[in-house]
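So the structure is just underneath, and the comments pick up after that.
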Amino acid sequence: ESGAIFGFDLIYGLPGDTLEGFSASIDFALRLYPNHLDIFPLSVLPGTALAMGAGTLGLDYLKVPPYTLQSSPGFPAGAMRDAAGLAVACDIFYSRGKAVAWFNSLLTPLGLSPSSFLREFHLWLRETKGEELSEAALSDQDIWQAQRAFITRLYPGKRLRKLLPAALDQIDYHWHYAAALSTPPPEL
């Protein structure tokens, strides 16, 4: 409400957490319009109370750096992979995609939660760009084009074809605005 620029870091795989609970955390966070949302798997660092209680908590994690959680009773390995997919989708579409200003307004007519939308985007990315895609492999222009292509596929499928031009205009305007802001001024 104060207009402060802020971001969030979310960790998935915490003791007692589930994929459903983590998805609800993403939904809560993105509905607050953060400047960015960084998502990480739990790391069980040696010498911490968490590492000492890992056996009791049922945490299976890498015993070498980066000590990443592989599974837990509430977060089996498949759910960890799904959460990692949500993290990649959020990095690409929301954070790197500079979608803060328009993300929630594009989701409203779709009737999708942020996590459901990101889940669909991740599946689409895997189909179109390949299995092991990371945000580092994409340029800003690639991300902009991926946003446009995904919305172009999604809106008509949800019977929202008439809203597609407005959705694409929002994506384009904010991409060009961000590009203009990051361009060095010309020498006088």
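The values are calculated or read from the model by the stated rules, or taken from the named source; none is laboratory data. Note that this is a predicted model, so its numbers are computed, not measured. Cβ atoms come from the backbone with ideal geometry, glycine included; neighbour counts cover every protein chain shown. All accessible areas refer to the heavy atoms of the entire protein, side chains included, with ligands and DNA or RNA removed. Shrake-Rupley method; radii C 1.70, N 1.55, O 1.52, S 1.80 Å.
Among the residues of region 61-76, just one is among the polar types (S, T, N, Q) and open to solvent by 60 Å² or more (accessible area, probe 1.4 Å), namely GLN70. Of the residues ASP82, ASP91, the single one that is open to solvent by 30 Å² or more (accessible area, probe 1.4 Å), part of a helix (DSSP H, G or I), closer than 20 Å to TRP144 by Cα and out of contact with any Lys or Arg (no Cβ under 6 Å at 6 or more places or on another chain) is ASP91. Taken together, the residues in region 153-169 that are open to solvent by 60 Å² or more (accessible area, probe 1.4 Å) and part of a helix (DSSP H, G or I) amount to 7. Applying the criterion of being more than 14 Å from ASP91 (Cβ to Cβ) and over 16 Å from the mean Cα position of the chain (by Cα) to the residues of region 116-138, the residue that is least open to solvent (accessible area, probe 1.4 Å) is GLY130.
Candidates are the residues of region 1-35 that are in a helix (DSSP H, G or I) and among the charged types (D, E, K, R); the one that is least open to solvent (accessible area, probe 1.4 Å) is ASP27. Considering only region 143-152, how many residues are within 16 Å of the chain's Cα centre (by Cα) and either part of a loop (DSSP other than H, G, I, E, B) or not β-branched (Val, Ile, Thr) (or both)? Here the count works out to 4.
Could you please let me know if ARG148 is modelled with pLDDT under 95 and open to solvent by 20 Å² or more (accessible area, probe 1.4 Å)? So ARG148 does not fit the description; no.
Taking the condition more than 19 Å from ASP38 (Cβ to Cβ) and in a helix (DSSP H, G or I), does ALA136 pass? Reasoning before the result, please.
Numbers: more than 19 Å from ASP38 (Cβ to Cβ): no; in a helix (DSSP H, G or I): yes.
The answer is no for ALA136.
Exactly one residue among PHE8, PHE40 is touching a Pro at 6+ places or on another chain (Cβ under 9 Å) and not small (Gly, Ala, Ser), and that residue is PHE8. Among residues of region 47-60 being among the small types (Gly, Ala, Ser) and part of a loop (DSSP other than H, G, I, E, B), the one that is most open to solvent (accessible area, probe 1.4 Å) is GLY47. The residues of region 36-46 that are outside any strand (DSSP E or B), open to solvent by 50 Å² or more (accessible area, probe 1.4 Å) and at pLDDT 95 or above, listed by number, are LEU45, PRO46.
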